[in-house]
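*Asks:* Take this structure, written in structure tokens, and hold onto it; I'll ask about it next.
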Amino acid sequence: MGLTVRRLKFVDFRNYRELDLDGLGKLTVFVGPNAVGKTNIIEGIQLLTAQTSFRKPTYAQMVRQGAEFARLDAWVSDDSRDLQLTLQLAEGKRKRLMNGKAKRAADLRGIVPSVAFTPDDLELARSASSPRRDALDALGSQLSASHHRLCSDYERALKNKNRLLKDEAPDSLIESIDEVMVLIGAQLTCYRAALFSRLAKAMGDYYREISGGREELQASYTPSWIDHDPETVFTATPTRDEARAALQDSLAMRRSEERSRHRSVVGPHADHLDFFIDGRNAAHYGSQGQRRSLVLAFKLAETALIEDMLGQKPVLLLDDVMGELDATRRAALLSFALDGLQTFITATGLHYFDESLVAKADVMELPLNACE
Ligand SMILES: Nc1ncnc2c1ncn2[C@@H]1O[C@H](COP(=O)(O)OP(=O)(O)OP(=O)(O)O)[C@@H](O)[C@H]1O
Ligand SMILES: [Mg+2]
């Protein structure tokens, strides 16, 4: 089943002075009361695998209060490889190592990919597009170093541009930053639209399955240069040249609007992503259950795409989501998880799981003796 996390060790990470979990298997369930440190374990595993965490923590938040530095290690292996992945937090800096050698995050992303599913992910089915853009970029970053680089280059350019607009900088400066925005922005929109269309296709299959074949899911990607209509399915997969030309025109056309609003309104940060169930926008018409199914389909599709594109099964991290799903959706998720993915689950109690699952799992009750 590909690379498996065998052992985890955290020193002075979050609430853990020292946590050492060895002999980890296919399915581990962490059970314990609120604030005991369940999410912290999930976050630690995500930092060591995806090289980022859904909490977007600062350095100070990760190091245990009262400690100077922190260290997280994961030992992962398959039939042919033994890897030790390390994240060191010292002197205000994050340092990553593989088998003791310094590495950049870009070198490590994708080696042991992971997919996390947390209650925050229910945002993926609400009206704002930004959580969907972020989730798509986070997936793209694990799949391709160029996607990640485009995101960080674009973010930097956008910050610069917003500062210039706020300072009412001269036109010449805005024009020159717009050239950069067009180059990077067009590429980013193309990467995203292509990835989104693959993701949406896989999601459609899972959604059909989860809804018992009764409902159809569709997805829309509307680049910022097109008027967004939340009522209509629109799918664009522009070529890079088309995207460049459209972005350039739109930036020129809306320059005075950007000037008067003192912020950038055109570019991939304003692209819209929507999901439709049986033709109706899920964020505006979907029931709670439909939106939960949609988010579940999103996560399952992420794991499928990672396996497809990297040839490596991701580690599945399920933080506190059992209570968010009903029995049918829980069963769908768990049967998928048990189908070959190494899975870590947190929950406040074991009552969410049926006995046959508990029998297969290593159940760890927190607090463990090893932690404080
Ligand atoms: N840097 C830190 N230093 C010390 N303690 C920290 C640090 N960061 C977080 N904590 C503590 O960790 C605990 C939270 O852990 P975590 O979020 O993992 O809880 P949880 O078990 O997931 O709880 P819940 O069931 O409520 O989600 C809190 O008590 C918090 O104060
Ligand atoms: Mg938690």
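The values are calculated or read from the model by the stated rules, or taken from the named source; none is laboratory data. Owing to the predicted nature of the structure, the values given are computational and were not obtained by experimental measurement. Counting neighbours? That spans all protein chains shown, and the Cβs are built from the backbone with ideal geometry, glycine included.
*Asks:* Within region 161-192, which residues are assigned to a helix (DSSP H, G or I) and over 13 Å from GLY267 (Cα atoms)?
*Replies:* If the condition is that a residue be assigned to a helix (DSSP H, G or I) and over 13 Å from GLY267 (Cα atoms), then ARG163, LEU164, LEU165, LYS166, ASP171, SER172, LEU173, ILE174, GLU175, SER176, TYR191 are the ones that fit.
*Asks:* Out of (1) away from ligand 2 (no atom under 16 Å from the Cβ); (2) among the hydrophobic types (A, V, I, L, M, F, W, C); (3) out of contact with any strand residue (DSSP E or B) (no Cβ under 9 Å at 6 or more places or on another chain), what's the single condition that is false for ALA35?
*Replies:* (1)
*Asks:* Sticking with this structure for a sec: Does ASP153 satisfy being at pLDDT 95 or above and closer than 16 Å to SER224 by Cα?
*Replies:* So ASP153 fails the test.
Here is a yes/no grid of residues against (1) among the aromatic types (Phe, Trp, Tyr); (2) modelled with pLDDT under 95; (3) buried (at least 22 other Cβ atoms within 10 Å of the Cβ):
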| site | (1), (2), (3) |
| --- | --- |
| MET1 | no, yes, no |
| PHE10 | yes, no, yes |
| ASN15 | no, no, no |
| LEU24 | no, no, no |
| VAL36 | no, no, no |
| LEU47 | no, no, yes |
| GLN61 | no, no, no |
| GLU68 | no, no, no |
| LYS95 | no, no, no |
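Conditions tested, residue by residue: (1) in the same structural domain as GLN142 (by TED's automatic domain parsing); (2) under 18 Å from ARG255 (Cα atoms); (3) within 24 Å of the chain's Cα centre (by Cα).
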position: LEU158; (1), (2), (3): yes, yes, yes
position: ASN162; (1), (2), (3): yes, yes, no
position: GLU168; (1), (2), (3): yes, yes, no
position: ASP171; (1), (2), (3): yes, yes, no
position: ILE177; (1), (2), (3): yes, yes, no
position: VAL182; (1), (2), (3): yes, yes, no
position: LEU195; (1), (2), (3): yes, no, yes
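*Asks:* Those residues that are closer than 22 Å to ASN160 by Cβ and polar (S, T, N, Q), I need them from region 179-232; list them, please.
*Replies:* GLN187, THR189, SER224
*Asks:* Please find, within region 340-372, the residue that is nearest to LYS313 (Cα to Cα) out of those that are modelled with pLDDT of 90 or more and of a type in the set (Ser, Thr, Tyr).
*Replies:* THR343
*Asks:* While we're on this one: So, LEU318, is that one of a type outside the set (Val, Ile, Thr), within 20 Å of ASP134 (Cα to Cα), modelled with pLDDT of 90 or more and within 16 Å of ligand 2 (Cβ to nearest atom) or not?
*Replies:* So LEU318 fits the description; yes.
*Asks:* Can you pull out the residues in region 148-190 that are touching a Ser or Thr at 6+ places or on another chain (Cβ under 6 Å) and farther than 13 Å from GLU258 by Cβ?
*Replies:* Within region 148-190, just HIS148 meets the criteria.
*Asks:* Considering (1) over 14 Å from the mean Cα position of the chain (by Cα); (2) surrounded by fewer than 21 Cβ atoms within 10 Å (Cβ to Cβ), say which one ALA138 fails and leave the rest.
*Replies:* (1)
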